[in-house]
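Novice: Starting off with a structure, shown below.
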Amino acid sequence: MYHNLRNLMKKYTFELLQNYKKYSANEMLLQSHIFYEAIKTRRSVRDFSDKQVAEDVIINCIKAAGTAPSGANLQPWHFVIIKDSQIKKEIRIAAELEEKEFYNGRAPKEWLAALAPLGTNEHKQFLETAPYLIAIFSKSFDVLEDGSQQKNYYAAESTGIACGFLINALHHSGLASLTHTPSPMNFLNKILNRPNNERPFLLLVTGYAADGVKVPVIKKKSIEDITTII
Ligand code: IYR
């Protein structure tokens, strides 16, 4: 049964592609290099300053995330900006409860072994210190105004791409971030009062990195390791 019958009737008008920058070969090479140099300085941090950040910066970054491609342009995501300290505290308490179980028995041994070099644990001070938490939800279907359900396509992939845009935008703006995924994180629906067609996808912590913060000395895989050219 078609829930989205209305889409069968709809056809977009098409217009000429605008603002497409057609670089010369040299300029293209330079631009790709500049972008790589900029993005490779991004690091996840687990210690944030409580220094305030203008809300408009976060809004702009979410606007950037909202330009991401998505299956059939259905944009199956929702972003909740959390700045209220009481709600941040509630989230910390709920997340630490899950994390405690995770680190003390729920996680398979191999998983804990993979995490061991990072030295992470169930204590998540950053959930209260950072000026913003951004909870990203993914919607496998939308509920239309008439109450009918419209299926979304590639919801997880689309939301993941939008999160990539968001992390990139935050970094470009000079903000540090941490992709945090307490598991399970259904508590976010409850605390943030989100409907059940929205699945918590990621909890992004953002703000200034704490002064003197240390990050692990890690290596990214080489281009040869991650690429095949045929
Ligand atoms: N969610 C836990 C464990 C954790 C899992 C992965 I995969 C990481 O890259 C880091 C941590 C935590 O946040 O501590």
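The values are calculated or read from the model by the stated rules, or taken from the named source; none is laboratory data. A quick note: this is a predicted structure, and the numbers were derived from the prediction, not measured. Here Cβ is always computed from backbone atoms with ideal geometry, including for glycine, and neighbour counts include all displayed protein chains. The accessibility values were calculated without ligands, DNA or RNA, using every heavy atom of the protein model including side chains. Shrake-Rupley method; radii C 1.70, N 1.55, O 1.52, S 1.80 Å.
Novice: In region 103-150, how many are within 12 Å of the ligand (Cβ to nearest atom) and at positive phi?
Specialist: Total satisfying the criteria: 1.
Novice: Give me the pairs, please: first residue somewhere in region 211-230 and basic (Lys, Arg), second residue anywhere and open to solvent by 100 Å² or more (accessible area, probe 1.4 Å), beta-carbon distance under 9 Å, and either six or more positions apart or on two chains.
Specialist: Short answer, once both residue conditions are applied: LYS220/LYS40; LYS220/ILE226.
Novice: Only one residue in LYS40, LYS21, LYS51 is closer than 27 Å to LEU118 by Cα, more than 17 Å from the chain's Cα centre (by Cα) and loosely packed, with under 11 Cβ neighbours inside 10 Å. Which one?
Specialist: Result of the check over LYS40, LYS21, LYS51: LYS40.
Novice: Let me ask something else. Are there any pairs with C-beta distances below 9 angstrom linking a residue in region 100-129 that is farther than 18 Å from ARG43 by Cα to a residue that is within 7 Å of the ligand (Cβ to nearest atom) and among the β-branched types (Val, Ile, Thr), with the two at least 6 apart or on different chains, and if so which?
Specialist: Cβ pairs passing all conditions: TYR103/THR120.
Novice: Can you find even one residue in region 169-179 that is in contact (Cβ under 8 Å) with a residue 40 or more places away in the chain, over 20 Å from HIS123 (Cβ atoms), open to solvent by 10 Å² or more (accessible area, probe 1.4 Å) and in a loop (DSSP other than H, G, I, E, B)?
Specialist: There is at least one residue in region 169-179 that is in contact (Cβ under 8 Å) with a residue 40 or more places away in the chain, over 20 Å from HIS123 (Cβ atoms), open to solvent by 10 Å² or more (accessible area, probe 1.4 Å) and in a loop (DSSP other than H, G, I, E, B).
Novice: Do we have PHE35 as closer than 28 Å to LYS214 by Cβ and either in contact with a Leu (Cβ under 6 Å, 6 or more places away or on another chain) or among the hydrophobic types (A, V, I, L, M, F, W, C) (or both) here?
Specialist: yes
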